[in-house]
Amino acid sequence: MALRQQLEEANLKIEALEEERRRIYEDSHVDEQEHPRLGEINHELEHLWDLKRRIEAALAAGLSELPVPPPEHPENLIG
């Protein structure tokens, strides 16, 4: 899949997850049923934002593919 297409898909997923997260916080209260989903959303967003940054960097460098695949657990990276 082309990098631009991957970037578009990542952006769409990020927007959808951020909207879902906004709806959870809308009433200023996260209940017991929403809490696990909120954790899943935040975890998935970490992965998507990492992927987005990698794709944007590859595109800026004129590459047609990612030179290094995203880590399985970007939340464990330092920095």
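The values are calculated or read from the model by the stated rules, or taken from the named source; none is laboratory data. Here the structure is a predicted model, which means the values were calculated and not measured. Glycine gets a Cβ as well: all are built from the backbone with ideal geometry, and neighbour counts include every protein chain shown.
L77 - would you say it is of a type outside the set (K, R) and either at pLDDT below 90 or touching a strand residue (DSSP E or B) at 6+ places or on another chain (Cβ under 6 Å) (or both)? Here the answer is yes, as L77 does meet what is asked. Could you tell me whether any residue of region 24-33 is under 18 Å from the mean Cα position of the chain (by Cα) and either in contact (Cβ under 8 Å) with a residue 12 or more places away in the chain or over 30 Å from G62 (Cβ atoms) (or both)? There is at least one residue in region 24-33 that is under 18 Å from the mean Cα position of the chain (by Cα) and either in contact (Cβ under 8 Å) with a residue 12 or more places away in the chain or over 30 Å from G62 (Cβ atoms) (or both). Does L7 meet the test of being within 18 Å of the chain's Cα centre (by Cα), part of a helix (DSSP H, G or I) and touching a residue at least 40 places away in the same chain (Cβ under 8 Å)? Yes; evaluated as a whole, the condition is true for this residue.
Selection of region 34-58 for residues being among the basic types (K, R) and under 10 Å from the mean Cα position of the chain (by Cα) yields K52, R53.
In region 58-70, the residue that is modelled with the lowest pLDDT out of those that are closer than 20 Å to I14 by Cβ and loosely packed, with under 13 Cβ neighbours inside 10 Å is P69.
None of H35, H29, H47, H43 is in a loop (DSSP other than H, G, I, E, B) and either exposed (fewer than 13 other Cβ atoms within 10 Å of the Cβ) or of a type outside the set (G, A, S) (or both) except H29.
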